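Derivation of every value follows stated rules applied to the coordinates shown; laboratory data play no part. Since we're looking at a predicted model, the values are computed, not measured. Cβ placement follows ideal geometry from the backbone for every residue including glycine, while neighbour counts extend to all protein chains displayed.
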Amino acid sequence: MIEEELVPSVYQGTVLRAGSTPKNRGRLDIIADIISACMGGRTKSYVMLRAKTNSVTITNIMKKLLLCGLISATEEEGNIMFFPTTRGIDFLRNYEKLLGFLNVDDTVTMSRR
């Protein structure tokens, strides 16, 4: 099992792009939300609520994440629990780096030629 402290605190809540809302999140944003919601081992229902998505979307994306090795599933006490894999945590770290590239400092302006 992957420990929650391995992942920066930004993954403890819903990750959104700057200026975006859950209504217009991109696919990578949803994937990051799903993987981060799996921290500590979570049921599909919990992940769906935490990632703020519907059952059809969560089912389709989680199948793909399982096939890609970004999350894993185990049965515990009759429930299927989902966990991020090491590869999934690497995805979250790289996702955060990508978001860092997209952050624009409002004080910097480009000069026109």
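Which residue, chosen from 35, 98, 49, occupies the Cα position most advanced towards the positive end of the dipole of region 24-99, where the dipole is computed from +1 (Lys, Arg) and -1 (Asp, Glu) charges on Cβ about the Cα centre? It is 98.
Placing pseudo-labels 7 Å out from each Cα toward the beta carbon at residue 45 and residue 24 gives an inter-label distance of 3.4 nm.
Over all projection directions, the Cα-based convex hull of region 24-99 averages an area of 4.9 nm².
Calculated FRET efficiency, residue 60 to residue 101, Cβ-Cβ distance, R0 = 25 Å: about 0.35 to the nearest 0.05. Computed from backbone phi, the HN-Hα couplings of region 30-41 come to 5, 4, 4, 4, 5, 4, 5, 5, 7, 3, x, x Hz, rounded to whole numbers (Karplus: 6.51 cos²θ - 1.76 cosθ + 1.60, θ = phi - 60°; Gly and Pro given as x). Here the 3J(HN,Hα) profile of region 86-93, calculated from phi with Karplus coefficients 6.51, -1.76 and 1.60 at θ = phi - 60°, is 4, 5, x, 5, 4, 4, 4, 5 Hz, Gly and Pro shown as x.
Residues whose amide H lies under 5 Å from that of residue 81, counting only those 5 or more places away or on a different chain, are 74, 75, 76; hydrogens are built 1.01 Å from N in the peptide plane. Residues whose amide H comes within less than 5 Å of that of residue 71, counting only those at least five positions distant or on another chain, are 66, 85 (H built at 1.01 Å from N in the peptide plane).
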